[in-house]
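**Q** Have a look at this one before I ask anything.
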Amino acid sequence: MGVSGKAIVNAILSGERDAKVLASLVKTKLQASPEEIRKSLVGFWKESHLFELRQNYDAYEFHRKQLEQCDEKLNEQLQKLVEKTIRRIYILILKVGKIKSDIKIPQSSKLKIMHIK
């Protein structure tokens, strides 16, 4: 849900019913004209519909927060994996360096380096 949609839903749930006021909460340019937006926000505010809107909005917020927490945990785990992988690569480089220093490579040998695009 975008910033404008969220602002409109919050306003409705806070008791705002004036379509002109609700339409003024739209902060981005839309294909619909301001008049079309205003007309679309005129409604018959049944208590049961407002209750359902509240329930659905609360569920939306709950799931949005759950996803945010999942993203945070995923980033923590990814960071740990990256750090562990970097340590392993560093140890491998040190081991290869030790092995390389024990092996005498003739000056005349040439190594070909391939570049992958």
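The values are calculated or read from the model by the stated rules, or taken from the named source; none is laboratory data. Given the structure is predicted, the values throughout are model-derived calculations rather than measurements. Positions of Cβ are generated from backbone atoms using ideal geometry, with glycine treated the same way; all protein chains shown enter the neighbour counts.
**Q** Working carefully through the options Glu61, Glu83, Glu35, Glu76, find the one that is in a helix (DSSP H, G or I), surrounded by fewer than 10 Cβ atoms within 10 Å (Cβ to Cβ) and of a type outside the set (S, T, N, Q).
**A** Numbers: Glu61 fails: surrounded by fewer than 10 Cβ atoms within 10 Å (Cβ to Cβ); Glu83 fails: surrounded by fewer than 10 Cβ atoms within 10 Å (Cβ to Cβ); Glu76 fails: surrounded by fewer than 10 Cβ atoms within 10 Å (Cβ to Cβ).
After applying the criteria, what remains is Glu35.
**Q** Only one of (1) at pLDDT below 95; (2) in a helix (DSSP H, G or I) fails for Thr28. Which number is that?
**A** That leaves (2) as the condition not met.
**Q** List the number of the failed condition for Trp45; all other conditions in (1) touching a helix residue (DSSP H, G or I) at 6+ places or on another chain (Cβ under 6 Å); (2) among the aromatic types (Phe, Trp, Tyr); (3) in a loop (DSSP other than H, G, I, E, B) hold.
**A** Condition (1) is where Trp45 drops out.
**Q** Let me ask you something else. From Leu41, Leu30, grab the single residue that is surrounded by 10 or more Cβ atoms within 10 Å (Cβ to Cβ) and under 24 Å from the mean Cα position of the chain (by Cα).
**A** Working: Leu41 fails: under 24 Å from the mean Cα position of the chain (by Cα).
Only one candidate qualifies: Leu30.
**Q** Something else about it: Of (1) in contact with an Asp or Glu (Cβ under 9 Å, 6 or more places away or on another chain); (2) modelled with pLDDT of 90 or more, Leu81 satisfies all except one. Which?
**A** Tallying (1) in contact with an Asp or Glu (Cβ under 9 Å, 6 or more places away or on another chain); (2) modelled with pLDDT of 90 or more, Leu81 fails exactly one: (1).
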